[in-house]
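Quick one: this structure, given as structure tokens, is what I'll be asking you about.
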Amino acid sequence: MRDCVAFLLAGGMGSRLNILAKTRAKPAVPFGGNYRIIDFTLSNIMHSGIDQVGILTQYQPYSLMQHIRSGEAWDFIGRSRSARILPPSTGINASDWYRGTADAVAQNLNFAKRFNARQVLVLSGDHIYHMDYRPMMRFHKKRKADITVAMMHVPWRDTKHFGIATVDRDQRILDWQEKPDLAKNNLASMGVYVIEMKYLERVLQNAKGFDFGKNIIHDAVINDRVFAYPFDGYWADVGTLRAFWNSNMDILRRDSGLNLCQWHVRTNLDDEGHVADRLPTRFGKNAQIKNSLISFGCFVDGQVIHSILSPGVRIEKGARVIDSVIMHDVVVKQKAQLTEVIADKRAYFGAQSEIGVGEASQPNEKFPKHIFTGLTVIGKAAQIPAMTKLYRNTIIEPFCGKDVIAAQGLHVGSYVKQRRVKNAVPLTENNFS
Amino acid sequence: MKKTLAMVLAGGRVEELSVITLFRPKAAVPFAGLYRVIDFPLSNLMNSGIDRIGILSQYRSDSLINHIGSGAAWDMIGSFRGISMLPPMKGTRSSDWYKGTADAVYQNMEFISNYDPDYVLVLSGDHVYHMDYKKLIKFHESVNADLTLAFVKVPKKGAERFGQAIIEDDSREGGRILRYAEKPSRFISPWASMTIYLFSRQALNFVMDEMMKPPETKHFGNDIFPVLLDKKRVYGYKFHSPWAYTRTIDEYWQANMDLLKDNPTFEIENWNVRTNLENKHILDRTPSLFGPNSLVQQSLIHHGCRIDGIVKHSILFPGVHIEEGAVVENSILMFNTIVKKGAKLTQVLSDMRVVFGENSHVGVGELAGTNIEYPNLLNTGITLVGKGTHIPANLEAGKNCIIYPNKRETDFPKTKMENGRTFK
């Protein structure tokens, strides 16, 4: 589709993903073993035959840039295809940080103009779904719409997190509520917009605010042709730790609608500097695997039940991992027990450590709104000493050493901080992957 | 470092590998659940900093061409790096099939001259090993050699399959070659040629200008080396690490199964081996899914597999599906093999895209005898299934059987194959 350019918004902090998004932008958070969240949208763009994509970054862009590189992994290569990173910049037209989604697009409109785009597809980089954007483009053109918003029905209790529309028979949006306390409908925006280029130019010049949902769409509904394109497939906003965990577990449920095998999601396997191939996963004599997704390059000699393992994970003899999401190169030593854990890359669990112990009787002490359902979250490269018990709703910050954790009085909902050393070496680029 | 050009010999089929090499040269045979054999020499070259390569291909070169792709998998890309496929061609000087190793190089001397290297490293693409060619080059320079051959120590039994050399001086590194014989019927030395030849440019030019008399001169081992010993400084470099020849089904089998040991002989994880992840769409596959009733032990499994049955002591390449109630033991299943419900496989080596029908039993029963048609080739109980064959439901096939590629369910005359039978 030569007349359409995609803008992929990938600058969000994802603060509710807590320590997972501390050293990386939310779209770069690992998901489903060897993917990152942004892979799902990038693969959708690729499968929809869109040749030009601009990726708007702002917060912690290093791991994202490392991941996207030339865009070759998604076939954005050749003289008329490309994936460009569009960071905020100072200059004549663009002089500031992105103040919102619409502002980010406004500052990069030249990118779309360069390719003579007639429509602009605005996407978010932090959702898990599989969608062909072409039928939506046809829907948009057929209705001569100014803006088309992809929308789906959500449970009524979730309406407060979304833009909510009321539509007429022809799917024209009559009323728009942005994250309402009292929703009139349960038709929710997926953050996928097709916008006429000429319309967009005009509207961005006169915009009163910086956000698509809050300002642009909200105002457009009153005067312009705004339509809702119905979508009924699997779609998940993995913006919270529980949603992130749930969506990972949906991979293991055959009827969840999240079907990795059919979605043909692509990722960039070279992005971590491990450009040499990892070996097939080695299963030892004592391995017991049930209902799990296991990437290559692992060594498994323990029990893995209803869990997701990224490449390079080591599960030693007698160790047991249940209901957990374990990221790259995590080590679980002998007889360690992990239940409902999200472990970021290179975390280390000492022998006979027990993680996720007891009941979720109280939420996390520092982030009660992020962690309260019983998950335990271990930051990147944190070292859990042998024999240690970590109770539910605990958060361990990235790079916490054994001595730091050992010195804590641990309880349900503990929050363990990385010790700040005077004159500490600042985080390097290597830490951002 | 001086300019080195590598010429990789990847044209041979190797008949002993039976149905596995019907459609591909030995160099393109899948290995270790992910790789092709040629990945090992190519990765060695990459790790040794040699990044200009010609690949001499002849037998069924399409699978090799697919696998090499642009060469980017081994970083052999850019203005001064690259892999060139050199299939046989017609032309003024070169007008025929490659008749041997020396002839293949001879026919590509123009390619070599164009690059104008100081050294030409001729090596086989058929072997699994980890070697730093820089050390070989250093040795070559330190003894001021014109030609250096690499050797590895092999047992007397089976040594008749190799070029053998008596190497002067007991130094650990190697020494001047006193005598060389290609595949001698009488054992002369345990030092077997690894088919790695490092020529100084002048020495190669000398060989090609003075010694080649096509079409009689064909092989370096037979026709060149025994004579060259007296004319040039020819040295033997001793290699002291594991090397897999994998020229027979049994050797191939052993080298693969060795990887399942707790301490494998071939420590591939430390070798920095790369393969082309775009070939067979390895890149696009999901991590492997294990169902609620799966049991997997002592096995190697890469991406894209779906396991609902039992897998023990086996190697599964990407895309293998093991359905519920199926049992796979001591087997190697290549890309996209499907094992249907209730099927039972023991000691099976199956090529790509084979389907084992429901409740089929392959390789089961007591081991007795050999393959009747190829007794020397297949006698340890392994049953071979060729690419794309569809084994019918309920088929019972014994040990040492060979089932040829692309057979349809309806092609099978009976539902039982006794031990040692071949189905063509």
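Bear in mind that the values in this text are calculations on the coordinates, not laboratory data. Note that the coordinates shown come from a computational prediction; the quantities given were computed from them, not determined experimentally. Glycine gets a Cβ as well: all are built from the backbone with ideal geometry, and neighbour counts include every protein chain shown.
Could you give the nm distance between label points at residue A:317 and residue B:213, where each point is 7 Å from its Cα heading toward the beta carbon?
It is 6.6 nm.
Right, something else. How many nm is it between the label spots at residue A:386 and residue A:407, if each spot is 7 Å from the Cα in line with the beta carbon?
2.2 nm
Around residue A:336, which amide H atoms from residues at least 5 apart in sequence, or from another chain, sit under 5 Å from its own amide H, with H modelled in the peptide plane?
Here A:319, A:320, A:352, A:353 satisfy the definition.
In addition: 222 nm [θ] for chain B, helices only, -39500 (n - 2.57) per DSSP H run of 4+, per residue, to 500?
Numbers: 8 runs with 58 residues, N = 424.
Calculated mean residue ellipticity at 222 nm is -3500 deg cm²/dmol.
Restricting the count to DSSP beta bridges whose residues both fall in chain B, what percent are antiparallel, rounded to a multiple of 5?
Of those bridges, close to 30 percent are antiparallel.
Can you tell me the FRET efficiency between residue B:3 and residue A:69 if r is taken as the Cβ-Cβ distance and R0 is 45 Å, rounded to the nearest 0.05?
On the way: r = 30 Å, r/R0 = 0.68.
The computed FRET efficiency comes out at 0.90.
At 7 Å along Cα-to-Cβ for each site, give me the label-to-label distance between residue B:173 and residue A:81 in nm.
Here the modelled spin labels are 5.1 nm apart.
Indicate the gyration tensor shape class of region A:1-155 (rounded, prolate or oblate), computed on the Cα atoms with a ≥ b ≥ c the square roots of the eigenvalues: a/c under 1.5 is rounded; otherwise a/b larger than b/c is prolate and the rest oblate. Could the numbers behind the result be given before it?
Numbers: a/c = 1.40, a/b = 1.19, b/c = 1.18.
Taking the square roots of the gyration eigenvalues as a ≥ b ≥ c, region A:1-155 is rounded.
Could you give the size of the charge dipole of region A:278-433 about its Cα centre, using +1 on the Cβ of each K and R and -1 on the Cβ of each D and E, expressed in debye and rounded to the nearest 20?
Here the size comes out at about 300 debye.
Further question: Counting pairs of alpha carbon atoms under 8 Å apart in space and at least six apart in sequence, what relative contact order in percent does region A:53-202 give?
About 21 percent, as a whole number.
Which of rounded, prolate or oblate describes region B:31-167 when judged by the alpha-carbon gyration tensor and an a/c cut-off of 1.5?
Values: a/c = 1.26, a/b = 1.22, b/c = 1.04.
Judged from the Cα gyration tensor, region B:31-167 comes out rounded (a/c under 1.5).
Next up: Search the structure for amide H atoms under 5 Å from the amide H of residue B:396, placed 1.01 Å from N in the peptide plane, and list their residues when 5 or more places away or on another chain.
Hits under the 5 Å cutoff: B:361, B:416, B:417.
Another question about this same structure. Counting other beta carbons within 10 Å of each Cβ, put A:316, A:196, B:182 in order, fewest first.
Ascending Cβ contact count within 10 Å gives the list B:182, A:316, A:196.
Now for a different question. Below 8 Å, C-alpha to C-alpha, sequence gap of six or more: please give me the relative contact order for chain A in percent.
That works out to 12 percent.
I'd like the distance between the alpha-carbon centres of region B:146-190 and region A:179-206, rounded to an integer number of Å.
77 Å
How do B:302, A:130 rank when sorted from fewest to most other Cβ atoms within 10 Å of their own Cβ?
Starting with the residue having the fewest Cβ neighbours, the order is A:130, B:302.
When DSSP assigns beta bridges and you keep just the ones with both residues in the protein assembly as shown, what percent turn out antiparallel, to the nearest 5? Write out the running numbers ahead of the final one.
On the way: 53 of 170 bridges.
For the protein assembly as shown, the DSSP antiparallel bridge percentage is about 30.
Further question: Please give the FRET efficiency for residue B:111 paired with residue B:380, using the beta carbon to beta carbon distance and R0 = 30 Å, rounded to the nearest 0.05.
0.10
With +1 assigned to the C-beta of every Lys and Arg and -1 to the C-beta of every Asp and Glu, and no other charges, what is the dipole magnitude of chain A about the Cα centre in debye, to the nearest 20?
In total the dipole reaches around 300 debye.
While we're here: What list do you get for A:13, A:327, B:194 if you sort them by fewest beta carbons within 10 Å?
A:13, B:194, A:327
State, in angstrom, two size descriptors of the protein assembly as shown derived from its alpha carbons: Rg to one decimal place and Dmax to the nearest whole number.
Final numbers for Rg and Dmax: 30.7, 96 Å.
Just going by the charge dipole of region A:4-250, with Lys and Arg at +1 and Asp and Glu at -1 on Cβ, which of A:235, A:42, A:163 is farthest out on the positive end?
Farthest along the dipole direction, towards plus: A:42.
Please list 3J(HN,Hα) in residue order for region A:380-392, calculated via the Karplus relation 6.51 cos²θ - 1.76 cosθ + 1.60 where θ = phi - 60°; whole Hz, with x for glycine and proline.
Running phi through 6.51 cos²θ - 1.76 cosθ + 1.60 with θ = phi - 60° gives 3, 6, 5, 10, 8, x, 4, 6, 6, 10, 10, 8, 4 Hz.
Further question: Work out the FRET efficiency for residue B:257 and residue A:15 from their Cβ-Cβ distance, taking R0 = 41 Å, and round it to the nearest 0.05.
That gives a FRET efficiency of 0.20.
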